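Okay, so here's the structure we're looking at.
Since every read-out is calculated from the coordinates, none of them should be taken as a lab result. Quick caveat: nothing in here was measured; it's all calculated off a predicted structure. Positions of Cβ are generated from backbone atoms using ideal geometry, with glycine treated the same way; all protein chains shown enter the neighbour counts.
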Amino acid sequence: MPERVLMFGTPAAFGDGAEGWLHGFEMSDDSWTLDSLIVAAGVLRTRAWRVPRSDVTFGDGRIVAAKAQGDYPRVAPDGHDAPAGVHWADRHTRIALAEATGMWGRYATLVGFAVAENGAITHLIGNTARIGRDLVRVSTARATWQQPSWVWVNIAETPPEPFVPDDELRDAILEAARAVGLGPGDLTHVEILVENGTVTLLGNVRAPRIAELLEAAAKSCRGVRSVEARVVADSDLELAVGAALAADERTRGERVQVKIEHGHVRVSWLAPQGPGAAHVEEVIRLVPGVQSVEAGQRDVAAELGVPTE
């Protein structure tokens, strides 16, 4: 089930246009199921409201509450008035990372969390650096509350993973691509999508080597959880187009020349068009990686010395 990472400080908006920031969250007992988001406002964030998870949607990089600010209960920003049996978590919550039950190791400051579509809090995002930032993602599978402001996590079976926010991770991938010699012109027709550390590479490049370097650059970046490469090289696409035309009985007899640049296909006939000519564009457009098809009318048979009979 897909996760959404919510970092404390994420902008929030109420139904009446009032604005705030994500300050913390609440969950019942040790269920690790999100009950409510705590949205704070004011210069010093001295005012806060409890927004049920069912009222929350997401868009344009912010949290959106369905109702007006005044329709939600006002709460103390430090969580001292949280209902009995409810755990409150915010920037003051500490995560103890231990290798064995009952031991205390290094700790991290809670700065965010990952939540699934069903409300399950699957991971905590912590900063292990006292100065600066060194973010990790830790599973809640072995996490328990020790005190109101402490979460203890046994990391022996589920060690922390490096965590980098998606926008920063995309910039890191581009920097890594430049470091291996790829220039802006190589990636003009490539899209890099990052969601919760999962990277998808889409688009077209001139040569297979460019696609290989880009995939390797992405995999080398700290915080990348997986890479799905769907980048198509023009030379590979040319072979695929030729195979598709040869496999389709309607176009098998057509003698064409195909030129491809960044997925854009130009077709020229090497001989007078046959009965399958009307289907050539249709077949080519169905080949994965093709962006557009232009059917030229120039007969290049004479130029290439290709017999037409």
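A few notes on this one:
- Taking VAL138, VAL290 and counting other C-beta atoms within 10 Å, the order from fewest to most: VAL290, VAL138
- Bridge type composition, the chain - antiparallel percent by DSSP, nearest 5: 75
- Unit charges on C-beta of K, R, D, E only; dipole of the chain, Debye: 840
- The calculated 222 nm mean residue ellipticity attributable to helices in the chain amounts to -5000 deg cm²/dmol, summing -39500 (n - 2.57) over DSSP H runs of n ≥ 4 and dividing by all residues.
- Centroid-to-centroid, using Cα positions, region 240-270 and region 107-161 are 54 Å apart.
- Between 0 and 90°, nearest 10: helix 234-247 axis offset from the chain longest Cα axis: 60
- TRP49, TRP145 arranged by Cβ crowding within 10 Å, fewest neighbours leading: TRP145, TRP49
- Three-way shape label, region 1-154, alpha-carbon gyration tensor, a/c 1.5: prolate
- Sum of side-chain charges, MET27 neighbourhood, beta-carbon under 15 Å (Lys, Arg +1; Asp, Glu -1): -3
- Relative to the current alpha-carbon distance between THR109 and ARG91, full extension at 0.36 nm per residue lengthens the span by 5.8 nm.
- Nearest-ten-degree value, helix 208-219 long axis tilted from longest Cα axis of the chain: 0
- THR158, THR93, THR10 arranged by Cβ crowding within 10 Å, fewest neighbours leading: THR158, THR10, THR93
- Distances between every pair of Cα atoms in the chain, grouped in 10 Å steps from 0 to the bin holding the largest one, split as 6, 21, 21, 17, 14, 10, 7, 3, 1, 0 percent.
- Looking at region 77-234, the DSSP beta bridges with both ends there are about 65 percent antiparallel.
- Counting only alpha carbon atoms, the long axis of helix 166-179 and the longest principal axis of the chain meet at about 50°.
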